[in-house]
Amino acid sequence: MHLGKPCPALTRMLTALAGALDKARPVTSAEFELCGDSLLDGCARHCPARFIASHDRIRVFCDVSEAADTATLDLFADTLFQPDSRAFSTTKLHQPPCAMGEALPKPLPQQTAAQTVHPAL
């Protein structure tokens with residue numbers, strides 16, 4: 001919102017969280033989740049950021065207070081990031097994030113009929 005382009009500090013945070021989760025994958029369960037509040041490294045505005053990171057999805061919300069409701073922020077993000085989500089009224093947000101980002105795991109390649117392995121009978 002303030003830069004008129006993607007926020008480099010937000011991108012760095014998403015990348016760092018993705019790397020941390022990738023390294024933690026062998027020693028964590030599928031339900032593992034990491035969440036918290038931080039200041040964005042390299043942000044000229046010193047934006048506070050809320051992050052929620054799991055093996056299924058990482059989201060970062062910029063310039064939100066520690067009192068911001070995470071569930072409401074997630075509903076807001078769902079409306080923007082997921083085409084089949086329910087409608088969401090922004091009046092439920094006391095302060096919308098100035099930026100937010102989402103990182104999803106790369107989808108597994110689809111098997112083709114030629115790649116399918118059939119066990120011998």
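Computed from the coordinates by the stated procedures, all read-outs in this text should not be read as laboratory data. Note that the structure is predicted; figures quoted are calculated from it, not measured. Virtual Cβ from ideal backbone geometry, glycine too; neighbours counted across all protein chains shown.
Amide H of Cys7 versus every other amide H placed in the peptide plane: which residues, excluding those fewer than 5 positions away on the same chain, fall under 5 Å?
Long-range HN contacts for Cys7: none found.
Defining a contact as two alpha carbons under 8 Å apart and six or more residues distant in sequence, what relative contact order in percent does the stretch 4-60 show?
It rounds to 36 percent for the stretch 4-60.
Between Thr15 and Lys92, what's the calculated FRET efficiency when r is the beta-carbon distance and R0 is 35 Å? Round to 0.05.
Approximately 0.70, to the nearest 0.05.
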